[in-house]
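Report on the structure given below.
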Amino acid sequence: MYPPAFEYWSPRSLDEALGKLQELGYDGRVLAGGQSLIPMMKLRLAAPANLVDINNLTDLAYVRADNGHLAIGALARHADIVDNAEVKAISPTMASAAPWVADPLVRNRGTVAGSIAHCDPEGDWNSVMLAVGASVVASSSSGQRVIPISEFVVDFFTNSLTEGEMVTEVRIPRAAGSAGGAYLKLERKIGDYATAAVATFLDLANDGTITSAGIALTAVASKNLKVTEAEQLLIGQTPSKELFGEAAAIAASACDPESDVRGPAEYKRAVINAYTKRGLDQALAQAQGGS
Amino acid sequence: MTTTHEPITTFEVGGVGHSILRKEDDRFVQGAGNYVDDIVLKDMLHMAILRSPLAHARILGIDASEAEAMEGVVAVVTGAMLEGYNLAWMPTLSGDTQAVLATDKVRYQGQEVAAVIATDPYIAKDALAAIFVDYEELEAITTPQQSLATETLIRDEKEGQTDNVAYTWEAGDAASTDAAFAAAHRVVSLDSHYPRSHPAPLETCGCVSDVNPITGQVTIYLTSQAPHAHRTLFALVAGLPEEKIRIISPDIGGGFGNKVPIYPGYVVATAASLVIGKPVKWVESRSENIISTGFGRDYHMNGSLALDENNHITAMRANILSDQGAFFADAQPSKFKAGLFHICTGSYDFGAAHVTAKGAFTNKAPGGVAYRCSFRVTEASYLIERLADKAAHEIGMDPTEFRALNFIKKEQFPYLSPTGFVYDSGDYHGAMDLAKEMIGYDGWREKQKNQDPDGKLIGIGVASFTEVVGAGPSKDYDIVGLKMFDSAELRIHPTGKAILKLGVKSQGQGHETTFAQIVAEELGIAANDIKVIEGDTDNTPYGLGTYASRSTPVGGAATAMVARKLREKARKLAAHLLEASEDDLEWEVGKFSVKGSPESFVTIQDIAFAAYTNHPEGMEAGLEGVHYYDPPNMTYPFGTYIVVVEVDQADGTWQVVDMVAVDDCGVRINPMIVEGQITGGLTEGFAKANMQWITFDEGGNCIGSNFMDYLVPTAWETPKFKLGETVTPSPHHPIGAKGVGESATVGSPAAYVNAVVDALWSRGVTNIDMPVLPHRVWGALNGVDVKP
Amino acid sequence: MKVTVTINGTPQSADVEPRKLLVDFIRTELGMTGTHIGCDTTSCGACTVLLDGTPIKSCTMFAASADGHEIQTVEGLKNGELHPLQVSFKQNHGLQCGFCTPGMMLVGKALLEKNTSPTDDEVRWAISGNLCRCTGYTNIVKSIQAAGAAIEGN
């Protein structure tokens, strides 16, 4: 109900924040939206000794089209992605997922970057990032590096940041050809975590063949799962019902869902299969529609 | 069917039948409600409870020394300390005893083990982590079946208890039922578990206990649906003098039966306040609320219908195994161990029924009767309406035709049921016909016939419930010995306004408005000029409170009766003022006039003034009275709900695409408020049918003890409802009203489930228990046995 | 540490621990009990307040993070006279026990500021972070829409 006590820091600049994180090492955690961290602290599942509140770093609250990619700053809230025309133009998968993250109130406060760094396998954003081949900018007081998302998402609540690093930006590449994407989430009600979800992405060449494909899964493995085998199957091919069916079957067998109150593993695999097919169909329709 | 009630008062007076705006809303929309957690008293301390992480374990020792030493901690209370005051155990509402703080064993996960009193609620919670309890784990008994089979005794402290059976009970007649089944042309059976659910009102339970060390006065601000009964129980439990106890139930943020029991937290807070001499506040968290307070349902039911060759029901059998949790603590009339489950014969006309029930202890929180159930009528209605639908499907008959064939006809009322209920009035065909018309039933059946078998499957579910409320006549009904009358006290002021004090207690049902409307109807004083008070035991007449939809049938009747008493005195005063004889006067709402001379009249306001300034010799001054109403019978609201769903075959999800609810609760005092009650209930029914339940793993860990796991639908999942009404007044109620608060939670779950099963019947699916989760639908469609 | 917020237009300060949740700060330190607590898992929205005009769950934010910001609670809706939402909730039976009502009205306010004529589905979507156990939502939706119409009419 009430979190345990902690030391609180409220830096006024990014440099100050990074300096404090360097100083605190693993004793310090970043507080951005807090919509994942604070509930855990209230249940006493997390008890960081220090919180570095970055909400004053308003310069980091951006969503903008940079050269060749969509740049999302560390303080961009989930709500900033919803109904955002730039996001829709650059990443339909991301646009499709945004309304389904948590609930509208949580979306007003929680951040995209924070959710990505959290690496909850039931979190939605990392599936989108893995499907579209995003990357993460990690900053520390000694500099900056760009980490591809597949390297960043290490395991269950584990990312590849080192001591003193924080995510300052997320980059989503702009599709080369005609692109489409979807995020299909089965949840028992708004605000619940996904029972299972699939992020899809397709990029088509002029002749209609698939040049790039992304399929990533939520809540069916110890981390958000990129189904590389299924993606490879699609590349260079002409889309067809049979092709998508094969890809979906691969996705269903590649994941490793738990049997729990949301259903047995068998069921979740069946949902992954159905949703992968539907997601690829939707991505295709969008890519072909040229929207 | 009868028409809507025509109001006899103007909208300005606001009597029965008018949808006047609620008088209580002004404070709520301005954030000025006064809920228990809003109460702040000088020097008030805060209490937090340490709860057992284990479902079943012996307590070997408790070390609270570290907690006691923490700054801000005033005291730590354990069961051992309470034993010294004879408070470690307390009686339940069902004649059992329940632990206040565990002494020998813990018997469910979440059970109260110790309490910290501190200067600040954050400190109190911190201190819980500094109390060390040494547990010796025992076998966790998580189902009633396991409970009956195992050697392990849960209630080993209870003298004479040699097994895990809490009670057995029976209703109806075995011999005639057995004979009917033996002669049956067809028998339809259903095994169904109505899962554990929880009212989870948005405001959790809590209290501020203020024992004044100088006067000995005990004031408890309490989330209570029954403040008078609670006061009497506190006096009996704690040995405190009853006249020194004042319970004030202020604004309550939803009750639904959750705020009827007395919880250990109330007792410990009061004991702590007594010992420490300062007020103590205890407000539980949501997780505590769901894991430990009074749940609803958890009935394992086996039901059968015997049918003759013309598809008439001739008899019904029902066997129940009830999961009572660790203590038998149901809040229900003491004579009925399975509540009013024996209303399970429902809306149908047949002569024989036999119900047997057995309650088993398990390592879970105690309770069972709660969550808008009308004392187990939810379970009963679910069973019969699922059976009726199953019967129709097995025969190959339309479910509405099967019902029409078997309904009690309107000429048959009052109707004596095979289990002894006397149904007051009803027109079941009328309600069902209206519902069918409103939803376009034939059109939906046609659409279903022509649907694409690979697309979404259409299902149409019907439920025609009859429920029984208004507890209850004193010859049959009492709770821990207190008869279930209710009361109303009315005083009309010199300027013609009034104050009404009630023994019932609203938790959102709008009593400040609806009960004023009853007085407005009887006396012609504007409802907006009548102040209504509830909840303060020092300032209201004795009543049994609000639950099981009893306020309107019993409290509303008391209100009408006291208003009529005052009208009789008013007649005498009018006669005095008009210098006429009482027999020469006639009453029209708001005034008495001389028969034949309408220009000779006095208004109720004139009369009120005269009661204080010009009363006749020999008559008492004033215009005030009280009435304690003992209902002659229960009331029987009814209705038909029809739900249309579409089922997605790939992921098992289902959506409600159309829904009609026709309710008949007799005369509606405030139609707007009645519709609000029904809409709320239909939503709770949907919640239970679709997503909401509490379950346990094999270790006795509660799954569903917070709002992440115990799913409450948002506005997005909640269907849209079309409401209809028929009006069949209750012949024995002073204003013909039956009560409606629980009709929709009673009647709707079966409608939703019947719809989904109807969609899947052609695929060989005959039953899916609630909640009808997507994976259960998928499992049924694909022949995969899914657990849970 | 000292936390200063502008609450319903008035600056207020109090000294609190960093871990003090914003909802407790509002209810206890600032003495405004119109904002309610209904759960402990950020699931119910009874604690909704407007932070710089945006609805958030005040149980999942530290008071410290609100330092220097503007907060509006239900107590701040009335401006001399009742806000159209307060009027419409009463006129349309948008509340029963009243516990979820402050949160619902504040979300409604933020929604109506962007769109005074939301559809049924748009309102349901907007309030999908706020739970109600009494009403079944129908009249809450109606109340918000009616308030929008009233605002538009002016």
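The values are calculated or read from the model by the stated rules, or taken from the named source; none is laboratory data. Fair warning: this is a prediction, and the values are worked out from it, not measured in the lab. Cβ: placed from backbone, ideal geometry, glycine included. Neighbour counts: every protein chain shown. Please note that ligands, DNA and RNA were not included when accessible areas were found on the heavy atoms of the full protein model with its side chains. Shrake-Rupley method; radii C 1.70, N 1.55, O 1.52, S 1.80 Å.
Checking each residue in the stretch A:212-250 for being outside any helix (DSSP H, G or I), on the phi < 0 side of the Ramachandran plot, surrounded by fewer than 18 Cβ atoms within 10 Å (Cβ to Cβ) and over 17 Å from the mean Cα position of the chain (by Cα) picks out A:235, A:237, A:238, A:240. Does at least one position in the stretch A:184-204 carry a residue that is part of a loop (DSSP other than H, G, I, E, B), more than 18 Å from the chain's Cα centre (by Cα), closer than 30 Å to residue A:260 by Cα and of a type outside the set (A, V, I, L, M, F, W, C)? Yes - at least one qualifying residue is present in the stretch A:184-204. For residue B:233, the requirement of being away from chain C (no Cβ under 14 Å), open to solvent by 10 Å² or more (accessible area, probe 1.4 Å) and hydrophobic (A, V, I, L, M, F, W, C) is met. Just a yes or no: is a residue in the stretch B:689-708 facing chain C (nearest Cβ under 9 Å) and of a type in the set (D, E, K, R)? For the stretch B:689-708, residues facing chain C (nearest Cβ under 9 Å) and of a type in the set (D, E, K, R): absent. Summed over the stretch B:235-251, the residues that are in a loop (DSSP other than H, G, I, E, B) and either under 17 Å from residue B:267 (Cβ atoms) or of a type in the set (Val, Ile, Thr) (or both) give a count of 4.
For residue A:197, the requirement of being under 23 Å from residue C:129 (Cβ atoms) and away from chain C (no Cβ under 14 Å) is met. Residue B:229 meets the conditions (1) at pLDDT 95 or above; (2) touching a helix residue (DSSP H, G or I) at 6+ places or on another chain (Cβ under 9 Å); (3) farther than 27 Å from residue C:33 by Cα in every case but one. The failed one is (2).
Being more than 12 Å from every other protein chain (Cβ to nearest Cβ), surrounded by fewer than 16 Cβ atoms within 10 Å (Cβ to Cβ) and part of a strand (DSSP E or B) is a property that does not hold for residue A:71.
Residues that are open to solvent by less than 20 Å² (accessible area, probe 1.4 Å) and facing chain B (nearest Cβ under 8 Å) within the stretch C:27-42 comprise C:34, C:35, C:36, C:38, C:39, C:40, C:41, listed in sequence order. The set of residues from the stretch B:14-61 being open to solvent by 50 Å² or more (accessible area, probe 1.4 Å), at negative phi and either more than 11 Å from every other protein chain (Cβ to nearest Cβ) or outside any loop (DSSP other than H, G, I, E, B) (or both) comprises B:26, B:27, B:37, B:42, B:53, B:58, B:60. Checking each residue in the stretch B:212-226 for being surrounded by fewer than 13 Cβ atoms within 10 Å (Cβ to Cβ) and either of a type in the set (Val, Ile, Thr) or without any contact (Cβ under 8 Å) to a residue 24 or more places away in the chain (or both) picks out B:214, B:215. Highlighted here are the strands (runs of 3 or more DSSP E) found entirely within the stretch A:127-168 that include at least 3 residues which are among the hydroxyl-bearing types (Ser, Thr, Tyr) and surrounded by fewer than 23 Cβ atoms within 10 Å (Cβ to Cβ): A:135-140. The lone criterion from (1) away from chain C (no Cβ under 14 Å); (2) open to solvent by 10 Å² or more (accessible area, probe 1.4 Å); (3) among the acidic types (Asp, Glu) left unmet by residue B:288 is number (1).
Within the stretch B:682-695, not a single residue is open to solvent by 10 Å² or more (accessible area, probe 1.4 Å), aromatic (Phe, Trp, Tyr), more than 30 Å from residue B:667 (Cβ to Cβ) and part of a helix (DSSP H, G or I). Quick check: anything in the stretch C:49-61 open to solvent by less than 10 Å² (accessible area, probe 1.4 Å), touching a helix residue (DSSP H, G or I) at 6+ places or on another chain (Cβ under 8 Å), farther than 22 Å from residue A:1 by Cβ and not in a loop (DSSP other than H, G, I, E, B)? Scanning the stretch C:49-61 turns up at least one residue that is open to solvent by less than 10 Å² (accessible area, probe 1.4 Å), touching a helix residue (DSSP H, G or I) at 6+ places or on another chain (Cβ under 8 Å), farther than 22 Å from residue A:1 by Cβ and not in a loop (DSSP other than H, G, I, E, B). When the residues of the stretch A:14-35 are filtered to those that are among the charged types (D, E, K, R) and out of contact with any helix residue (DSSP H, G or I) (no Cβ under 9 Å at 6 or more places or on another chain), which remaining residue is least open to solvent (accessible area, probe 1.4 Å)? Restricting to residues being among the charged types (D, E, K, R) and out of contact with any helix residue (DSSP H, G or I) (no Cβ under 9 Å at 6 or more places or on another chain), the top hit is A:20.
Yes or no, residue by residue, for (1) out of contact with any strand residue (DSSP E or B) (no Cβ under 8 Å at 6 or more places or on another chain); (2) within 12 Å of chain C (Cβ to nearest Cβ); (3) among the aromatic types (Phe, Trp, Tyr):
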| site | (1), (2), (3) |
| --- | --- |
| A:18 | no, no, no |
| A:29 | no, no, no |
| A:37 | no, yes, no |
| A:41 | yes, yes, no |
| A:66 | no, no, no |
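Looking at C:83, C:93, just one residue is surrounded by 24 or more Cβ atoms within 10 Å (Cβ to Cβ) and closer than 25 Å to residue B:19 by Cβ, and that residue is C:93.
Here is a check on your reading of the model: is residue B:502 more than 27 Å from the chain's Cα centre (by Cα) and either free of Cβ contacts under 8 Å to residues at least 24 places away in the same chain or at negative phi (or both)? So residue B:502 does not fit the description; no.
Only residues that are open to solvent by 20 Å² or more (accessible area, probe 1.4 Å) and in a helix (DSSP H, G or I): list them for the stretch A:79-103, please.
Listed by number, the residues that qualify are A:79, A:80, A:85, A:86, A:88, A:89, A:95, A:96, A:99, A:100.
In the stretch B:754-787, what count of residues is obtained for those that are outside any helix (DSSP H, G or I), more than 11 Å from chain A (Cβ to nearest Cβ) and charged (D, E, K, R)?
Result for the stretch B:754-787: 1.
When the test is whether a residue is more than 7 Å from every other protein chain (Cβ to nearest Cβ), free of Cβ contacts under 8 Å to residues at least 40 places away in the same chain and either surrounded by fewer than 16 Cβ atoms within 10 Å (Cβ to Cβ) or of a type in the set (Phe, Trp, Tyr) (or both), residue C:24 does not pass it.
Of all residues in the stretch A:251-265, those that are buried (at least 17 other Cβ atoms within 10 Å of the Cβ) and either touching an Asp or Glu at 6+ places or on another chain (Cβ under 6 Å) or not hydrophobic (A, V, I, L, M, F, W, C) (or both) total 4. Which ones in the stretch B:595-619 are in contact with a strand residue (DSSP E or B) (Cβ under 6 Å, 6 or more places away or on another chain) and open to solvent by 70 Å² or more (accessible area, probe 1.4 Å)? Selection gives B:595, B:601. Just to be sure, is residue B:540 in contact with a His (Cβ under 9 Å, 6 or more places away or on another chain), more than 23 Å from residue B:675 (Cα to Cα) and more than 14 Å from every other protein chain (Cβ to nearest Cβ)? Yes; evaluated as a whole, the condition is true for this residue. Comparison of A:48, A:11, A:3 shows that the only residue that is assigned to a loop (DSSP other than H, G, I, E, B), buried (at least 22 other Cβ atoms within 10 Å of the Cβ) and within 14 Å of chain C (Cβ to nearest Cβ) is A:3.
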